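I have a structure I would like to understand better, so I am pasting it below and will then ask my questions one at a time.
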Amino acid sequence: MRFRLTLWVLLLLPWSVSAQSTPSASRFWVTFCNKAGQSLRPEVYFSPAAQARRQRQHLPAADSTDFPVRPDLLTLVERTTDTVTLVSRWLNGVACRATAAQAARLRQLPGVQSVREWPEAAAVPAGRAMAARPLTAADRSLARRQTAALGAADFRRANLSGKGMRIAIFDVGFTGTDQHPAFAHLRRRQAIVATYDFLRRTPYVYQGGNHGTEVLSCIAGQLPDSSYLGLAPNAEFLLARTEQMYRERYREEEAWLAAAEWADRNGADIINSSLGYTDRRYFPEQMNGRTSLVARAAELAARKGILVVNAAGNDGDDPRWRTVGTPADGDSVLAVGGLDPDTYLHVEFSSYGPAPGKRLKPNVAAFGIAIVAVPGGYTRTEGTSFASPLVAGFAACAWQQQRNLSAMELFRQIQASGRLYPYFDYAHGYGLPQARHFLHAGPSGPAAPTFDFVRQDSTVQVIIRAEAAYTPARTLPLFADSVQATTPAEAPRVAPVGQEQARAPQPPQADEVAAPVPPNYVYWQLLDAAGHPLRYEVLEVTQRAILRVPLYRFKSGNTVRVHYRGYTETYSAR
């Protein structure tokens, strides 16, 4: 049974409530007008690692968002309300519990810009804890392929393993991390440099659940044979427990914000958050990168030189939602979708884009089925929760190699390293990031053409060049998706969305384990005049005349873009 975190809303901040709290008290967010009179000594407030990160990226040592909130305004709120549960420097505000009458008084206070109520209600558990089981030969193969597919061998040859990078992980808990042999190498060198439980306000995070343990293993976990489950075993880590099994709406987002400010102060280069918020509090059109508290917090983290990597979500086969959640919706957040390790195609549960405004999401993709460490051993599990840390480890190695890149420069380079780049779609993004993109000695020339567009009377055909022809060893499933409806006759040899061909798992061949070679597919899409995909498909290559597109599909400035074996070309009928 699939391990889903569609409530993979992993985050929260149930700060303790004072004894004076009444049943009628609700949660409110109070924003202040300014920070007049406040200042900051960066060399005192920030850790040396945080100061160095800002210096490398030519960022100011501090700005007004780092300054503390005004203590006089904080005191007024504390005196007026039941409990202040969070103070945010970044957003110049506080979260609190208050009655309706207290909230009315808050709105009259000098220096208060706005008071917003946050409805809250208990939510269902985030998911089942995974149990350890003996690993099969297929499991051990997958454990190697989940990193090999991203270029693990290239990073190893370049001696890149995340050394000198600091990665923050926000999750439900890290049960077993302090004892599991998969992390013995981290404990030996004291690589877990700081921890904090934002629920209980204690540094102890090894409780609450083992999802964080599983996520950490996809960055730095080690198997008994000494091979690694992730790409950055030599990184340093900040572990933040930010979620519990039963939650209240919006409290989790406070926790994400609090953890992000903590990670910034403690020198995080990368934040991995395998979590998201969807239909329990938002509508799809609100996934715009600006509405949610966590999306705004992620944007501020990026402005401070932190790369935010987030799971795209597990709602791809849920017709009620289907799209990415927040904070993966943020423009500055690297949203990671899930791929099937057997086919290298979108795995059915991985959430789709686009984000509102037809923005590209997910940005890249990695295996959404992985081998992870759990208390007592290891297991196979699935979810974009694990694709995200695989890419976070990739980012750590890439940044180690090009340390002077800014966070957003690295973001763009990771996109450009995707196997499909410059082709993208709303299922795969730019595809699997590839280590060789960061290790190439010099500029590479354009890819050699692998197909041609041939116009006939009423159609445009895509013809595979003879030298690029490829015959698959076995029949592989296909993938299709449409942003708007199309006629079935125009969709050659493609299964309906969510009904890709079923197949029994195939154990990989030995050479696939050593150097996995993804199957060669033709990816194609119909684009509108603004360059947004209207339809996209992946086709198995069984003949040279692989695609036929009616000319009437080119109305209103539409174009067709095709990708095959590293070559991408766009055709316009004009």
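How big is segment 299-382 in terms of Cα radius of gyration and Dmax, in angstroms?
14.0, 45
What ranking of 218, 96, 33, 397 emerges when the number of other C-beta atoms within 10 Å of each C-beta is taken as an exposure proxy, fewest first?
33, 96, 397, 218
By average Cβ neighbour count within 10 Å, what is the ranking of 375-381, 36-42, 254-260 from highest down?
254-260, 375-381, 36-42
Over all distinct alpha-carbon pairs, what is the Kirkwood Rh of segment 137-435 in angstrom?
18.4
Arrange the peptides 55-61, 344-350 so that the one whose residues have, on average, the most other Cβ atoms within 10 Å appears first.
Descending mean neighbour count gives 344-350, 55-61.
Arrange the following residues from fewest to most other Cβ atoms within 10 Å of their Cβ: 384, 136, 80.
By the 10 Å Cβ count, ascending, the order reads 136, 80, 384.
In segment 172-327, what percentage of the DSSP-assigned beta bridges are antiparallel, given to the nearest 5?
25
So which aspartates and glutamates pass the test for residue 555, namely a Cα distance under 13 Å, with those fewer than 8 places away in the same chain ruled out?
In chain and number order, the partners are 528.
In addition: Across segment 198-209, in residue order, what do the Karplus-derived ³J(HN,Hα) couplings come to in whole Hz, using 6.51 cos²θ - 1.76 cosθ + 1.60 with θ = phi - 60° and x for Gly and Pro?
Here the 3J(HN,Hα) series is 7, 8, 9, 6, 9, x, 7, 10, 8, 7, x, x Hz.
Another question, then. Which whole-number percent is the relative contact order of segment 137-435 (Cα, under 8 Å, 6+ apart)? All intermediate terms of the calculation are to be shown ahead of the outcome.
On the way: 766 pairs, mean separation 63.2, N = 299.
Dividing the mean separation by the residue count of segment 137-435 yields 21 percent.
Moving to a separate point now. So for segment 137-435: antiparallel DSSP bridges make up what percent, rounded to the nearest 5?
Of the beta bridges lying entirely in segment 137-435, close to 30 percent run antiparallel.
Across 5 Å bins from 0, what is the distribution of all Cα-Cα pair distances for segment 26-118, in whole percents?
3, 14, 23, 19, 13, 10, 9, 6, 2, 0
Further question on the same structure: Could you line up 540, 214, 285 from fewest to most neighbouring Cβ atoms inside 10 Å? Each step should come with its number before you reach the end.
Numbers: 540 20, 214 33, 285 11.
Least crowded to most crowded, the residues run 285, 540, 214.
Trypsin sites (Lys or Arg not before Pro) within segment 197-248: which are DSSP loop residues with at most 12 other Cβ atoms inside 10 Å?
Sparse-neighbourhood loop trypsin sites (Lys or Arg not before Pro): 201.
Determine how many Å³ per residue the convex hull of the Cα atoms of segment 520-574 encloses.
80
Read-outs: derived from the displayed coordinates by stated rules, not from any lab. These numbers were taken from a predicted model, which means no experiment stands behind them. Positions of Cβ are generated from backbone atoms using ideal geometry, with glycine treated the same way; all protein chains shown enter the neighbour counts.
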